[in-house]
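Visitor: Structure provided below as structure tokens; questions to follow.
Derivation of every value follows stated rules applied to the coordinates shown; laboratory data play no part. Note that this is a predicted model, so its numbers are computed, not measured. As a convention, Cβ positions derive from the backbone with ideal geometry for all residues, glycine included, and neighbour counts pool all protein chains shown.
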Amino acid sequence: MNSPKKLVTFCEKKPNFVAFFTKKMIIMRYNDLFIDFDDTLYDTHGNAVIALRELYEALHLENHFDCADDFFDAYWRANIELWKSYSMGEISRDYLIVERFKRPLGVSRSLKPTDDYCLKASDLFLDLCSTKPGVVDGAHELVEYLRASGYRMHICSNGFHEVQYKKLEACGMLHSFDTIVLSEDAGANKPSRQFFDYALRVTGACRESTLMIGDNLGTDIQGAIDAGIDAAYFNRFPEYPAGLGVKYEVTALRQLMDIL
């Protein structure tokens, strides 16, 4: 039997072998990957910035705002707050769709936005968003690598059914995944355990050999951990540390290729 001293010496002399062996152990551990879509693979924020400007011009909102940034800033404040509430099940999808435009349009100097007008704005905005192909840096390379490595991959998203498939097609990833699991099909949003239990059931994945990859500490990461699933936190804008319980943390998608 090798002594601890000999083992240490071997590890020091063969670092590449140790790294290879460690990677193989991880590959053996996970069979299924649950992957968030928006702002993990698909550049939702970047694409939405473009779509918002197109919406501003299409609706001639320059006639109602002194500065376009007044509208954009009010939209993002409302959108972030409402999506958080929606993820926690505190508001409905229909309320989110209308309210995220009613609030920013309501700060204009002359508009009095009705629900119908806000719904029209939302429909146009979602149409504009769903045609944008932009992805997060390294997304295509990561997906191709994971498929070639033999992982079963499943999108797990709170996004709206009629939009997510269009966005997947627009960015060329529609046929890259084994399953697309959406909260509207699950009857619950991430981070609820109901969502993750549903995802395990429809994908046939085993809880112990599944890894969740996502950019949101609350909905993706804590939700997975609470459901007994390992998590890899994509800390795209590294301002907040992952905290306890997170198996892996990366700041670039390509770093996942060194882990998986």
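Visitor: Nearest 10 degrees is fine. How inclined is helix 68-87 to the longest principal axis of the chain, computing both from alpha carbons?
Guide: So the inclination is approximately 60 degrees.
Visitor: In debye, nearest 20: dipole of the range 106-260 around its Cα centre with unit charges on the Cβ of K, R (+) and D, E (-)?
Guide: 140
Visitor: Under a Cβ-only charge scheme (Lys and Arg +1, Asp and Glu -1), can you give me the dipole magnitude of the range 46-93 about the Cα centre, in debye to the nearest 20?
Guide: Roughly 320 debye for the range 46-93.
Visitor: How high is the relative contact order of the chain? Use alpha-carbon pairs under 8 Å, at least six apart in sequence, and give a whole percent.
Guide: Relative contact order of the chain: 23 percent.
Visitor: Under the rule of at least 5 residues apart or a separate chain, name every residue whose amide H is placed under 5 Å from the amide H of TYR42.
Guide: VAL136
Visitor: Hey, another quick one. Pick out which of LEU111, LEU41, LEU124 has the largest mean-square fluctuation in a Gaussian network model of the chain, springs linking Cα atoms closer than 10 Å.
Guide: Among LEU111, LEU41, LEU124, the largest GNM mean-square fluctuation belongs to LEU111.
Visitor: What FRET efficiency comes out for ALA252 versus ASP66 if R0 is 41 angstrom and r is the Cβ-Cβ distance? Round to the nearest 0.05.
Guide: 0.55
Visitor: Which whole-Hz ³J(HN,Hα) couplings does the range 192-200 yield from phi under the Karplus relation 6.51 cos²θ - 1.76 cosθ + 1.60, θ = phi - 60°, glycine and proline marked x?
Guide: 5, 5, 4, 4, 5, 5, 4, 4, 4
Visitor: Take the Cα gyration tensor of the range 203-260, multiply each eigenvalue by 5, square-root it, and list the three semi-axes largest first, rounded to whole angstrom.
Guide: 18, 14, 9
Visitor: Ordered by residue, what ³J(HN,Hα) values in Hz, to whole numbers, does the range 249-259 give under the Karplus form 6.51 cos²θ - 1.76 cosθ + 1.60, where θ = phi - 60° and Gly and Pro are x?
Guide: 9, 10, 10, 8, 4, 4, 5, 5, 5, 7, 9
Visitor: What residues of the range 75-98 lie in the reach of a label at LEU119, counting those whose backbone N is under 11 Å from a point 7 Å from the Cα along Cα→Cβ?
Guide: Within reach of a label on LEU119, which here means backbone N under 11 Å from a point 7 Å along Cα→Cβ, the range 75-98 contributes 94-95, 98.
Visitor: Given the alpha-carbon gyration tensor of the range 31-142, what are the semi-axes of its equivalent ellipsoid in whole angstrom, ordered largest first, with each equal to the square root of 5 times an eigenvalue?
Guide: 27, 17, 11
Visitor: Using 7 Å Cα-to-Cβ label points, what is the SER85/ARG29 separation (nm, one decimal)?
Guide: Each label point lies 7 Å from its Cα, and together they span 4.0 nm.
Visitor: Could you please report the charge total around ALA48, scoring K, R as +1 and D, E as -1 over all other residues with beta-carbon less than 12 angstrom from its beta-carbon?
Guide: 0
Visitor: Okay, next question. Which whole-angstrom value gives the distance between the alpha carbon centres of the range 163-187 and the range 238-260?
Guide: If you average the Cα positions of each part, the centres end up 23 Å apart.
Visitor: Work out the count of Lys pairs in the range 45-188 where the Cα-Cα distance is under 21 Å, with the pair 8 or more places apart or on different chains.
Guide: Total qualifying Lys-Lys pairs in the range 45-188 comes to 9.
Visitor: Additional query: Run the Debye formula on the Cα coordinates of the chain, all scatterers equal and no solvent, and tell me log10 I(q)/I(0) at q = 0.11, 0.15, 0.16, 0.17 1/Å.
Guide: -0.66, -1.09, -1.20, -1.31
Visitor: Let me ask another. What distance in nm lies between label points placed 7 Å from Cα along the C-beta direction at GLU184 and ALA58?
Guide: Here the modelled spin labels are 1.8 nm apart.
Visitor: Going out from 0 in 10 Å bins, what whole percent of all Cα-Cα distances in the range 75-229 drops into each bin?
Guide: Result, from short to long distances: 10, 34, 35, 16, 4, 1 percent.
Visitor: Further question on the same structure: Across the Cα atoms of the range 146-260, what radius of gyration and what greatest pairwise Cα-Cα distance (Dmax) are found, in Å?
Guide: For the range 146-260, the Cα-based Rg and Dmax read 13.7, 36 Å.
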